[in-house]
Amino acid sequence: MLVLTVLSVVLMVVDARFDTLKPMRSQMGLVLTPFYWLADLPVRAWEGISDQFNSRSVLIAENEKLKAESLLLQRRLQKLATLTEQNVRLRELLNSSALVDEKVLVGELIGVDPNPFTHRILIDKGGKDGVFLGQPVLDARGLMGQVVEVMPYTSRVLLLTDTTHSIPVQVNRNGLRAIASGTGNPERLELRHVADTADIKEGDLLVSSGLGQRFPAGYPVATVKEVIHDSGQPFAIVRAVPTAALNRSRYLLLVFSDNRSPEQRANDAAQAQEEADRKAAGQQATPAESSTAPASGTPAAAAPGAGASGTGTPATGAATSVPAAKPGAAPAPGASAAKPTASTPATGVPATGMPATGTPAKPGAPKPAATPSSKPPRDH
Amino acid sequence: MVGLRPRNGWVIWFTLVLALLLSVAPLPSFMEIGRPLWPALFLAYWVLALPHRIGMTGAWLLGLAEDVLYGSLLGQNALVLTLITFLVLALHQRLRLFPIWQQCLVLMVVFGIAQLVQLWLNALTGNRPPTLVFLLPALISALLWPWIFAVLRSLRLRLNVN
């Protein structure tokens, strides 16, 4: 008893204070994946069965909804291309540093920490996929947390709402900076040390400020739910609700920030473009490409994108996409005119890639884009 | 108990692995707060029934496995499970004679102590649960004890584990 107690205490101290056990731990983590997979099996089986018996009408309704959503998002994306371009130019005028584009990798949740007092999840991407310690994790609606433990094929993510987690944020409306700490409640964050007179009110969107150099700037974190001014307290009590669905999201995005300079990125993009052109010229005999290209701008953008994934970007090709710049959605006339890009003579479509980005458009994206591309003009 | 040769030891380890699986199985969040201490329950039965087969070293190893699985500090659950085994071993002559509901009461105290130690260790590493509900798993585990006891006992007798 005594020996084992001393042994466990020593182990705990070593594990907490030094890094010597980390590699061993991460190797042992290999065993852990099949465990969580097995534990999750009944849930998966149930989901599979319910999918099988899902009625056709439900699926059709879902399909309709997704189509409508995709249409809306496409429309926003067209505006985004011009806005991004405008933003880059304005920033150049102001001589401030350029916006950094990020690449992302899609991960899937495979387990939740069984301890109800810690908010940690297990995801199916690990060191082999390029995941690193402290990497920010997003879902479709906002920041979720950061990677705290990397194992070969899995990693652990500490969520924003864990009591040990804090994130620097700023109010989107006026840039007021604050620190949002987790409370242990999955629906609540608290802003620490906000002065009573600070301009912050209910409904304000908090975005990550990028200070602290861990999270990328500008992603939504939470919306302010209530601001309590208590004259007995030195600071205002500000409570916020995370925008990300922390306890519901199954798919999440791991962000790799791209810290090349804009010139480098432009060069890389140009090179990738040239290579793609060469490839396309070689393949022109094949009819498949020429038949898809004239339909809209997007398929053409995807083709060089697929070529660029090998050269421009360090991480995986298939699962990556750029949130800020899916440039190709060309139907908006302003978007294509604004870009001083090297056009692709081989396919004959003008203005396919933005020079500042060099990262590939998601290969899956063009397919849905082909159908709604005729509709957006009616939307405007 | 004629020959004390170890027999069918795999059953013990199989049930312990099953306990580990149960301890990470997904639960709805309102139930998660009262998740029974499966490894502790299964371990307590085997220690009580076959103290010569599974002792504190076994418990320690199981605890280490649990630590790796949970991603907690290495040695944290190992210490807790060793403590439970120690208490059960110290009491096992008496516990065996108790009626089942009395066993439940004693085990509730044992698990409660274990949860307290767990709380202290968690507090040292900085995440302290804000309320007293961390004691709920001890209560629920104690309530589950009669069923665990019956199932494992029948398993032991049927497979003649020794």
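No value in this document is a laboratory result; all are computed from the given coordinates. What you see is a predicted model; the values in this text were computed from it and never measured. For neighbour counting, all protein chains shown are included, and Cβ atoms are generated from backbone atoms with ideal geometry for every residue, glycine included.
I'd like the FRET efficiency for A:Glu187 and A:Ser55, computed as 1/(1 + (r/R0)^6) with the beta carbon distance as r and R0 of 25 Å, rounded to 0.05. Result of the calculation: an efficiency of 0.15. Under 5 Å from the amide H of A:Ala222 lie the amide H atoms of A:Leu206, A:Thr243, each residue being 5 or more positions distant or on a separate chain, with H modelled from the backbone and absent for Pro and chain starts.
In terms of distances greater than 28 angstrom between alpha carbons, the cross-link table entries A:Lys67/A:Lys279; A:Lys103/A:Lys279; A:Lys79/A:Lys103 yield A:Lys67/A:Lys279.
Computed packing ranks the peptides A:20-29, A:210-219 as A:210-219, A:20-29, most packed first, by mean other Cβ atoms within 10 Å.
The calculated FRET efficiency for B:Thr57 paired with A:Asn172, based on their beta-carbon distance and R0 = 60 Å, is about 0.60.
Helices meeting the span-like rule in chain B (full DSSP H runs, Cα extent of at least 18 Å along the helix axis, mean Kyte-Doolittle score of -1.0 or higher): B:9-24, B:56-70, B:76-97, B:100-124, B:136-159. Once you reduce the range B:93-150 and the range A:3-22 to the center of their Cα atoms, the two points are 25 Å from each other. One chain, two ends: A:Thr82 and A:Ala140. Fully extended at 0.36 nm per residue, the span grows by 18.7 nm beyond their Cα-Cα distance.
Look at the stretch A:112-124: the mean tally of other chain Cβ atoms within 10 Å of its residues' Cβ atoms is 6. Taken as Cα centroids, the range A:106-125 and the range A:128-204 sit 16 Å apart, rounded to the nearest whole angstrom. What you get for the range A:139-239, charging only the Cβ of Lys and Arg (+1) and of Asp and Glu (-1), is a dipole of about 220 debye around the Cα centre. Computed from label points 7 Å out along Cα-Cβ, the spacing between A:Arg278 and A:Trp37 is 4.1 nm. Working from the pairwise distances between different alpha carbons, so that the mean of 1/r is found and then inverted, what is the range B:1-89's Kirkwood radius in Å? After inverting the mean inverse Cα-Cα distance, the result is 13.6 Å. The mean count of C-beta atoms from other chains within 10 Å of the C-beta of residues in A:44-50, rounded to a whole number, is 0. In this label model, A:Thr20 and B:Asn8 are separated by 4.4 nm, measuring between points 7 Å along each Cα→Cβ vector.
Counting only other chain Cβ atoms within 10 Å of each residue's Cβ, the peptide A:6-18 averages 5.
The simple Förster model, with R0 at 41 Å and r as the Cβ-Cβ distance, assigns B:Val109 and A:Asp196 a FRET efficiency of 0.25.
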